[in-house]
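**Q** Before I ask anything, here is the structure I am working with.
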């Protein structure tokens, strides 16, 4: 399924009301799918001016920017929604990584969702984006941002975002090549220090990926946040990054009445392969041998094959 199909599957919009954050000209949920409110930091006209030089957004071949219903520039999402809350679902594609305080943001989202409502996230996988060289974010990173009430990316986040940006060839990485992508531009280290210093001295907003994840690291961090009672969600589903893609999909369900430990225990698990760089495709007899070895290991690990001397009831 493509991202839109996955979103439709996760939120089932027909007969419900939802919010999509930052859809620009490519909303995952369309007006004809159900009652949907589009939210962005600027009005439609302001967005058209902001992206006037971006052909993929306002070019002749591009779809038009959607009409924004909720302008968040000077108000929070709960304030913008007003009496229309609570809603049944929220959709956010490539938004989470830009949020300085994800815990606070998720608490705000939970505040406008009905109990049992879902938040559908599309999250870039650092292995296949310009974040290739960055270290995955930790639970401590998100807790610290929340405790300090961060509103903009920290000097460290700004520095790492600029300094490590890499020109990643997604198909090459998936095929087992592309393991040493080149820097995105010349003079990255010096530029990173300049921007980090500016944020430290003046506290201005610089748009960066404040947090970075693989599917496995995301589960580890969010399992901790759920267990700590910091977010009233459970992870209902995670779809790891499909082959030759660069993003994974997460469905969070609001479950206020359920004990945090129980919600954390329900977190799905993924094989470590969804954290490591993928192996290249194996061809011919080699592919069949590799598949047989993987199957044998999986059966041994799960007990479908027993070791020497094991009895029928061993």
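**Q** Specify the angular offset, from 0 to 90 degrees and rounded to the nearest 10, of the alpha carbon long axis of helix 188-202 from the longest principal axis of the alpha carbons in the chain.
**A** 50 degrees
**Q** If I stretch the segment between residue 184 and residue 60 completely, what's the gain in nm (0.36 nm per residue apart, minus their alpha carbon distance), one decimal? Can you show the working numbers first?
**A** Values: separation 124, 0.36 × 124 = 44.64 nm, distance 2.76 nm.
Extending this stretch completely gives an extra 41.9 nm.
**Q** Report the Cα centroid-to-centroid distance between the range 109-159 and the range 1-71 in angstrom, as an integer.
**A** 21 Å
**Q** Okay, moving on. When a footprinting reagent is the concern and you count Cβ atoms within 10 Å, what order do 254, 50 take, fewest first?
**A** On the way: 254 26, 50 15.
So the residues, fewest neighbours to most, are 50, 254.
**Q** If you don't mind, another one. Just to verify a number: FRET efficiency for residue 197 and residue 266, C-beta to C-beta distance, R0 = 51 Å, to 0.05? It would help to have the intermediate numbers written out before the result.
**A** Numbers: r = 44 Å, r/R0 = 0.86.
FRET efficiency, residue 197 to residue 266: 0.70.
**Q** Multiply the residue separation of residue 50 and residue 156 by 0.36 nm, subtract the distance between their alpha-carbon atoms, and state the gained length in nm to one decimal.
**A** On the way: separation 106, 0.36 × 106 = 38.16 nm, distance 2.71 nm.
Going from the current span to full extension adds 35.5 nm.
**Q** Between residue 170 and residue 30, what is the FRET efficiency for a Förster distance of 30 Å, r being their Cβ-Cβ separation, to the nearest 0.05?
**A** Details: r = 27 Å, r/R0 = 0.89.
In this case the efficiency is close to 0.65.
**Q** Report the antiparallel proportion of the DSSP beta bridges in the chain as a percent, rounded to a multiple of 5.
**A** The antiparallel proportion sits near 45 percent.
**Q** Using the basic label-point model (7 angstrom from Cα toward the beta carbon), what is the residue 243 to residue 1 distance in nanometres?
**A** About 2.0 nm, to one decimal.
**Q** Continuing with the same structure: Just checking my list (1) 20.5, 67; (2) 21.6, 74; (3) 17.9, 55 against Rg and Dmax of the Cα atoms in Å computed from this structure; which label fits?
**A** Evaluating Rg and Dmax of the Cα atoms in Å on these atoms matches (2).
**Q** Which value in nm describes the separation of the simple spin-label points at residue 114 and residue 149, placed 7 Å from the Cα toward the beta carbon?
**A** 3.3 nm
**Q** Quick one: angle between helix 102-112 and the longest Cα principal axis of the chain, in degrees between 0 and 90, rounded to 10, please.
**A** Taking the Cα atoms of the chain, the angle to 102-112 is about 70 degrees.
**Q** Neighbour counts of other C-beta atoms within 10 Å: give me 134, 4 arranged from fewest to most.
**A** Working: 134 19, 4 15.
Sorted ascending by nearby Cβ count, the order is 4, 134.
**Q** Right, another one. Using a 10 Å cut-off around each Cβ, can you sort 71, 58 from fewest to most neighbouring Cβ atoms?
**A** Arranged by neighbour count, lowest to highest, 71, 58 become 71, 58.
Every read-out reported here was derived from the displayed coordinates using simple, explicitly stated rules and does not represent laboratory data. Keep in mind that this is a model prediction, so the values were computed, not measured. Cβ coordinates were reconstructed from backbone atoms using ideal geometry, including for glycine residues, and neighbour counts include every protein chain displayed.
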